[in-house]
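Input: a single structure, listed below in structure tokens.
The values are calculated or read from the model by the stated rules, or taken from the named source; none is laboratory data. Keep in mind it's a predicted model, so treat the numbers as computed, not measured. Heads up, the Cβs are rebuilt from the backbone with ideal geometry, glycines too, and the neighbour counts pull from every protein chain shown. Heads up: the accessible areas ignore ligands, DNA and RNA and are worked out on the full protein's heavy atoms, side chains in. Shrake-Rupley method; radii C 1.70, N 1.55, O 1.52, S 1.80 Å.
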Amino acid sequence: QVQFAESGGGLVQAGGSLRLSCGVSGSTFSIRSMGWYRQAPGKQRELVASISSGGSTNYADSVKGRFTISRDNAKNQVYLQMNSLKPEDTAVYYCNPTPAAFSWGQGTKVTVSS
């Protein structure tokens, strides 16, 4: 059973930064492409960033140039550095492989005030 523990969210003013962390249980972490997803109120969950087992990254256009995804395979951790935050980044953020393969964790809430 793979489980996710997301943390690092909070309330921040527009233009600010946050760093999200996700701890992943399960021995297959290092071989999987991992992603950060978010779900804003009233909207569907969307993939915002992904990183392959080898470190190649991809970003949604809405966050490109502002967010950076990284991973530490030795610690089974994946991170999301978020800079220049905008109110439209307000959402609950989750991690899961890409494509999503396991039950979602609790997520971590990010609120960006204008």
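Below is a table of values for the structure above.
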quantity	calculated
Contact order relative to length of the chain, as percent, for alpha carbon pairs under 8 angstrom and 6 or more apart	37
The chain, accessible area per residue, ligands and nucleic acids excluded (1.4 Å, Å²)	52
The chain - percent of accessible surface contributed by carbon and sulfur, probe 1.4 Å	46
Label-to-label distance, nm, for residues given as S7 and N83 (7 Å Cα→Cβ offset)	2.5
Residue order for S62, S103 - accessible surface, 1.4 angstrom probe, largest first	S103, S62
Partner lysines for K43 [C-alpha distance under 21 Å; skip if fewer than 8 residues away on the same chain]	K64, K86, K109
Compactness of region 1-40 as Cα Rg over 2.2 N^0.38 Å, two decimals	1.45
DSSP beta bridge pairing in the chain, given as percent antiparallel to the nearest 5	90
Under 13 Å, Cβ to Cβ, from G16 - net charge with Lys/Arg +1 and Asp/Glu -1	+2
Around K43: net Lys/Arg minus Asp/Glu count, Cβ-Cβ under 13 Å	-1
